[in-house]
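Please read the structure below before turning to the comments.
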Amino acid sequence: MNRCNVLLFRAVKDSGQVDPYIEVLNKQGLIAACISPLSFDFVNLEPLYLALQCPERFSGIILTSPRAVEAIQKAHENCASEADMSTCCGAAWKQLPAFVVSKATAEAATRLSFSTYGEDSGSAEALAPLIVKALPTDSKPLLFPCGNLRREVLPQKLAEHGIGLHTLTVYHTTANPRLEESLLGHIQEKGVPEYLVLYSPSGVQFVDDALKNLDISTEKIKFIAIGPTTSTSLEKHGYKVAATALEPTPDSLLQAVMKVQR
């Protein structure tokens, strides 16, 4: 592999933490870096906390992003009494399925003692049949804490099979206010990246705005999407997708990059 400049638009890890995507790419001799394209504002934490106090009302929970898990943690920290601070989710939730989309979400949920299923699904569309198979049509609703930009695919597919949701919007997704500054700084230091890696439709929207505002030519840039939904979003914004990583994992991204470099 050539030492290409790969820029990943995903949340930057805290200092001292190794990003698994960067680690895999660096091992293959690529120069990789991250810029966070998104910012999150958490909302409705008290209703979320109250719902979590009543696991008997639900047949399980759906967590489609690490941010939903973070909202649960914040709800507990903000709303729980000191006597309740020892554990975020009690034994009753541990007995219920927590349906998740990705390994990152599964890892975050497991740290809060949830019992996760579906981490290899990779998308809400792929998660839906797993839920349908696991639950009877007369089951209690699933708790679904989610973001304001969630798509309707999962609720619609579950509704078709008589599975109800108790939906709570627990975070709002906005553009990282330093996105343009960070992107410009990266280009000034390392040059225009050969590869841009996008992880979500919202990331595509905000990165597209930044590229246009900074008047950056994308003619020679190869765009790689994480998942088919992101790929579709890139195409809708007028970008040619060089490759799509079928799963939101470092190895799948590496395979996509290698495919383009052949």
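Structure data summary
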| read-out | value |
| --- | --- |
| Residues K259 and S217, FRET efficiency given R0 of 25 Å [Cβ-Cβ distance, rounded to 0.05] | 0.55 |
| Dipole magnitude of the chain about its Cα centre (Cβ charges: Lys, Arg +1; Asp, Glu -1), debye to nearest 20 | 620 |
| For E194, distant residues with modelled amide H under 5 Å away | N5 |
| Simple spin-label estimate for R57 and V18 in nanometres, 7 Å along Cα-Cβ | 4.3 |
| Under the Karplus curve 6.51 cos²θ - 1.76 cosθ + 1.60, θ = phi - 60°, whole-Hz ³J(HN,Hα) for segment 52-66, x wherever Gly or Pro sits | 5, 7, 10, x, 5, 7, 10, 9, x, 9, 10, 10, 9, 7, x |
| GNM top mover of A109, A210, A245 - the chain, alpha-carbon springs below 10 Å | A210 |
| Among L48, L143, L30, residue whose mean-square fluctuation peaks in a GNM of the chain (springs only between Cα atoms under 10 Å) | L30 |
| Fluctuation leader among N26, N148, N213 - the chain, Gaussian network, Cα springs under 10 angstrom | N213 |
| Rounded to 5, the percent of DSSP beta bridges in the chain classed as antiparallel | 15 |
| Length released on extending from K190 to L130, taking residue separation times 0.36 nm less the Cα-Cα span | 17.3 nm |
| Listed residues E219, E46, E77 arranged by accessible area, highest first, probe 1.4 Å | E219, E46, E77 |
| Euclidean distance of C-alpha centroids, segment 90-104 and segment 190-207, integer Å | 31 |
| Euclidean distance between Cα centres, segment 239-262 to segment 146-185, Å | 24 |
| Listed values (i) 6, 25, 33, 25, 10, 2, 0; (ii) 7, 29, 33, 21, 10, 1; (iii) 6, 24, 29, 23, 12, 5, 1, 0, entry calculated as P(r) over Cα pairs in 10 Å bins from 0, in percent | (ii) |
| Amide proton proximity set for K13, modelled H, under 5 Å, gap of 5+ | none |
| Signed unit charges on C-beta, dipole axis of segment 17-134, positive-most listed residue L38, Q28, T105 | Q28 |
| Cα-based reach from K74 at 27 Å (exclusive), listing lysines while leaving out same-chain residues under 8 positions away | K13, K94, K103, K140 |
| Total lysine pairs under 17 Å (Cα atoms) in segment 147-253, excluding pairs fewer than 8 apart on one chain | 9 |
| Extended-chain gain in nm, criterion 0.36 nm per residue less alpha-carbon gap, V43 and K27 | 1.8 nm |
| Where trypsin sites (Lys or Arg not before Pro) fall in DSSP loop in segment 43-74, at most 13 other Cβ within 10 Å | none |
| 5 angstrom amide H check on H166, placed H, neighbours 5+ away | L142, L143, F144 |
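The values are calculated or read from the model by the stated rules, or taken from the named source; none is laboratory data. If you're wondering where the values come from, they're calculated on a predicted model, not measured in any experiment. With ideal geometry, Cβ positions are generated from the backbone for all residues, glycine too; neighbour counts draw on all protein chains shown. Quick note on the areas: whole protein, heavy atoms, side chains included, nothing else; ligands and nucleic acids left out. Shrake-Rupley method; radii C 1.70, N 1.55, O 1.52, S 1.80 Å.
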